[in-house]
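Note sheet for the following structure.
The values are calculated or read from the model by the stated rules, or taken from the named source; none is laboratory data. Because the structure is a prediction, the values reported are computed rather than measured. Because the Cβ atoms are built from the backbone with ideal geometry, glycine has one as well, and the counts that use them run over all protein chains shown. These area figures cover heavy atoms from the full protein model, side chains too; ligands, DNA and RNA do not enter into them. Shrake-Rupley method; radii C 1.70, N 1.55, O 1.52, S 1.80 Å.
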2 protein chains.
Amino acid sequence: MPSNNHNAVDFIIDRVKQKAFDEISQFIEPLAHSDKARLIESLPKSYRATIWNEIATESKAETLLELHKEVRRGLIEITDEAELIRALSCMQMDELADIDDDLPLPVVSAMVETLNNQNRQRYNAVKVYPDDVAGGLMDVDATAVRPDISIKAVIRYLRQLRSRTGELPEHLESLFVVDRNNYFIGTVSLSDLISYPSHLSISQISKQNIPAIRSLDSADDVVKTFEANDLLSAPVVDESNKLIGRITVDDVIDYMRDQSEKELLKKEGLDQQADLFAPIIQGSMRRAVWLGINLLTAFSAAWIIGMFDASIEKLVALAVLMPVVASMGGVTGSQTLTIITRGIAVGKIARSNIASITRHELAIASLNAVLWSTVVFLISWGWYQDWELGLVFAMAMFIVIVSGTFAGALIPLILGKLDIDPAIAGGVILTTLTDAIGFFTFLGMATLFII
Amino acid sequence: MPSNNHNAVDFIIDRVKQKAFDEISQFIEPLAHSDKARLIESLPKSYRATIWNEIATESKAETLLELHKEVRRGLIEITDEAELIRALSCMQMDELADIDDDLPLPVVSAMVETLNNQNRQRYNAVKVYPDDVAGGLMDVDATAVRPDISIKAVIRYLRQLRSRTGELPEHLESLFVVDRNNYFIGTVSLSDLISYPSHLSISQISKQNIPAIRSLDSADDVVKTFEANDLLSAPVVDESNKLIGRITVDDVIDYMRDQSEKELLKKEGLDQQADLFAPIIQGSMRRAVWLGINLLTAFSAAWIIGMFDASIEKLVALAVLMPVVASMGGVTGSQTLTIITRGIAVGKIARSNIASITRHELAIASLNAVLWSTVVFLISWGWYQDWELGLVFAMAMFIVIVSGTFAGALIPLILGKLDIDPAIAGGVILTTLTDAIGFFTFLGMATLFII
């Protein structure tokens, strides 16, 4: 039996080739939904339909939720509508709202038809919010109680709910206290509920110190609130402070995971939704944009070099050494860029301390500039036996390291003012600048002092 | 009143200058510990001691826990031992074990002295584990019950615990079921405990499907288990399946946050523990290593250019255009490198599908190679009125884009075999390769066909 996803991919490909479909469905069935999804995404397209057919209808909804958008769409297309409706019928409203953009319209209509009035209202309530605000992360399973009833009465209510419906909301660890108009008052944890004397009233044990999250708060702020207060769940209220839902920590974790993946990919101009096996034309177009931008910046560097072609013709060593200057400027600059961008993102860097941080970065860079300028002076002197060339090389290196650092500190601040994400654009702008500065100072000084 | 960390930094710096220390302590006191820590890390060193003195002794322990290692050490150094011992006396054993490396030995001894026998055993139990395994994430607050007692008896026990000690373990949302020898059997959630009829026995409502985490499991595996099962807490067992502690989801989130920060920084050769205001010499040394490696690779590219200096002397356009070739190869290569490295890290790419993924990446790269080779052919033809040069430029561009992609796919696989983290070394190796290939093919082909 394959023990992890790597072997699982081998196993599935092998069994599909042997047409041993029973073994496939036996293997897939006990897997967690997230593992099923990862397995599907790891398989080349031609294998996906086969494994999808072997997943039981009742597992399909949860598996769809775990898939990346593009892969999900592909599978929805090959599933017939009747089965889709059956598969999705046990989905919660907030989950349905998460994926309904990908579903064929008749399926969505059929699903909404089956909801009762209250649930249809809830579905519409969740559907309103985009994915990157609190409302988009919330579910509508918040359990609310009044402040004036006793612990005993609440426990009785929960027992009735269990015996009537067979289950409680998932991840129930807190109840929310509201007044008769549904205005949010406070929070009661199950652990308090179960451990305080049962004659106490809810108002005696409820806590007001956990802030309610507003439905339009950004998802990033939700993450911060959860982290700062070590929350397991939190109430969500509308603009008028009425309780409309809750966010549980597992949804926060999913969001964090997504963000950290996006963070890594966007630096390369890549799209997180991209399927490993996305159609080739589509995959090419996405990357072509990034390559086009890069070509533009590379040609602007080439244009600067072109201004000094007469100098290079006279002293070819300039052409040999110039990429070294530009490259060192790029590396120091992007170290500072990363530190500053990160510091701003986590709220450690602001207008008031940016000056002292920039000074600190420049001090570090200057030491390195002195060190590596000396090193390259010695190397180039040894290589070309030309101390003048070595001196110009070293001076250019010093200038580009210090100015690259300065640019690395300034770019995220300027982009921030312009509301441009420094994680996407910062690297490209920095490299363009350090290349330009590197080539210009090195070739320019060489032209002035040597040629 | 300052509303966020940015304004808070302003506020503190201003008040320190005015020596308005009372206002500082009033401002700091209500902040969450994580906010206190962030504020300290955002301040230049000279301000830190002042704000640290204004933090109440009983808040110092929690604040220390939230700080990065270096900043924490700096503050511990300036706190006198008696106050440290008072501050740390309310710390939990697992928290003490997290920071005791940074404490002066007499303080650690004094702390351990004050623990009772059971707690000292627990402290030693937690201290054994490194930070990157389950044991290092766990706390020892697991609440255990026997399978044969009734729900009513458990609730009575929890109420007694509350009235005796005034509180329950933090984030208590599940109890763990163990036999008389402390072997782990299963889990009971508080929501089941509170909602099932109280005459049922624990064994009737406990669940066996949530896997116990072994103390030596890697922290990454713990994260996966929490994500796959949407857990709020999980039991930790030793090699013989005895319950020794639990991990709560807030510790998992802290670990994830740390990892994603490390991931971003290590690509630039930076260290996550680094203080924004680390001593300049120390900060320089760390980055110097990375710059040194980069200088080496830049000079190896220069050496390749140097082999063709005669050609460049004859046709300076080569020097002008060559950085464009290398740069485009670097960008396509690093797109593929990022996708493959990421895919391996999340378990989507393995031996069995790497061939099809590499083919897929090469297909995408080839389309882009055709597109951009055509574009650069036209540009260089227009610029230099030399179709031969344009053709060589285009051919070199095609070769470097395709081979850069190939390298981007292969490097993480090879590094994986050698047990080297591709996120650290991958980028440097790739750039070295694409620079070398870019300069060599462009200058080499030009020498063969034009010069």
Please tell me if A:S201 is under 11 Å from A:R146 (Cβ atoms) and open to solvent by less than 60 Å² (accessible area, probe 1.4 Å). yes
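The rows are residues; the columns are (1) farther than 28 Å from A:V128 by Cα; (2) open to solvent by 30 Å² or more (accessible area, probe 1.4 Å); (3) in contact (Cβ under 8 Å) with a residue 40 or more places away in the chain.
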{"residue": "A:E41", "(1), (2), (3)": "yes, no, yes"}
{"residue": "A:A61", "(1), (2), (3)": "no, no, no"}
{"residue": "A:L67", "(1), (2), (3)": "no, no, no"}
{"residue": "A:E81", "(1), (2), (3)": "no, yes, no"}
{"residue": "A:A97", "(1), (2), (3)": "no, no, no"}
Against the definition (open to solvent by less than 20 Å² (accessible area, probe 1.4 Å), within 27 Å of B:K127 (Cβ to Cβ) and touching a His at 6+ places or on another chain (Cβ under 9 Å)), how does B:V249 come out, yes or no? yes
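Would you call A:G347 at pLDDT below 90 and either at the interface with chain B (Cβ under 7 Å from one of its Cβ atoms) or surrounded by 24 or more Cβ atoms within 10 Å (Cβ to Cβ) (or both)? Explain how you work it out, then say what you get.
Details: at pLDDT below 90: yes; either at the interface with chain B (Cβ under 7 Å from one of its Cβ atoms) or surrounded by 24 or more Cβ atoms within 10 Å (Cβ to Cβ) (or both): yes.
So A:G347 fits the description; yes.
So which of B:I339, B:I305 is in a helix (DSSP H, G or I) and open to solvent by 10 Å² or more (accessible area, probe 1.4 Å)?
Working: B:I305 fails: open to solvent by 10 Å² or more (accessible area, probe 1.4 Å).
Of B:I339, B:I305, the one residue that is in a helix (DSSP H, G or I) and open to solvent by 10 Å² or more (accessible area, probe 1.4 Å) is B:I339.
Kindly establish whether B:D419 is assigned to a helix (DSSP H, G or I) and open to solvent by 30 Å² or more (accessible area, probe 1.4 Å).
Details: assigned to a helix (DSSP H, G or I): no; open to solvent by 30 Å² or more (accessible area, probe 1.4 Å): yes.
Against the criterion (assigned to a helix (DSSP H, G or I) and open to solvent by 30 Å² or more (accessible area, probe 1.4 Å)), B:D419 does not qualify.
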Using beta carbons and a limit of 9 Å, which pairs, at least six apart or on different chains, have the first residue in the range A:248-263 and within 8 Å of another protein chain (Cβ to nearest Cβ) and the second one of a type in the set (A, V, I, L, M, F, W, C) and surrounded by fewer than 17 Cβ atoms within 10 Å (Cβ to Cβ)? A:E261/B:V346
If I go through the range B:324-344 residue by residue, how many of them are farther than 27 Å from A:T432 by Cβ and touching a residue at least 40 places away in the same chain (Cβ under 8 Å)? 1
Of the residues in the range A:355-379, how many are touching a Phe, Trp or Tyr at 6+ places or on another chain (Cβ under 9 Å) and either open to solvent by 70 Å² or more (accessible area, probe 1.4 Å) or touching a residue at least 60 places away in the same chain (Cβ under 8 Å) (or both)? 1
Scanning for something touching a Phe, Trp or Tyr at 6+ places or on another chain (Cβ under 7 Å) and either not in a helix (DSSP H, G or I) or not basic (K, R) (or both), does the range A:112-122 turn up at least one residue? yes
On the given criteria, is A:F308 of a type in the set (F, W, Y) and within 30 Å of B:L443 (Cβ to Cβ)? yes
For the structure I just gave you, tell me whether B:E54 is modelled with pLDDT of 85 or more, of a type outside the set (A, V, I, L, M, F, W, C) and under 21 Å from B:L31 (Cβ atoms). yes
From A:D139, A:D192, which residue is more than 20 Å from B:L172 (Cβ to Cβ) and charged (D, E, K, R)? A:D139
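If only one of B:V154, B:V178, B:V237, B:V145 is open to solvent by less than 20 Å² (accessible area, probe 1.4 Å), more than 29 Å from the chain's Cα centre (by Cα), more than 14 Å from every other protein chain (Cβ to nearest Cβ) and not acidic (D, E), which one is it? Spell out how you get there, then give the answer.
Details: B:V154 fails: more than 14 Å from every other protein chain (Cβ to nearest Cβ); B:V237 fails: more than 29 Å from the chain's Cα centre (by Cα); B:V145 fails: more than 14 Å from every other protein chain (Cβ to nearest Cβ).
Unique residue meeting the criteria: B:V178.
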Tell me which of these B:S46 doesn't satisfy, since it passes every other one: (1) touching a residue at least 24 places away in the same chain (Cβ under 8 Å); (2) open to solvent by 30 Å² or more (accessible area, probe 1.4 Å); (3) among the small types (G, A, S). (1)
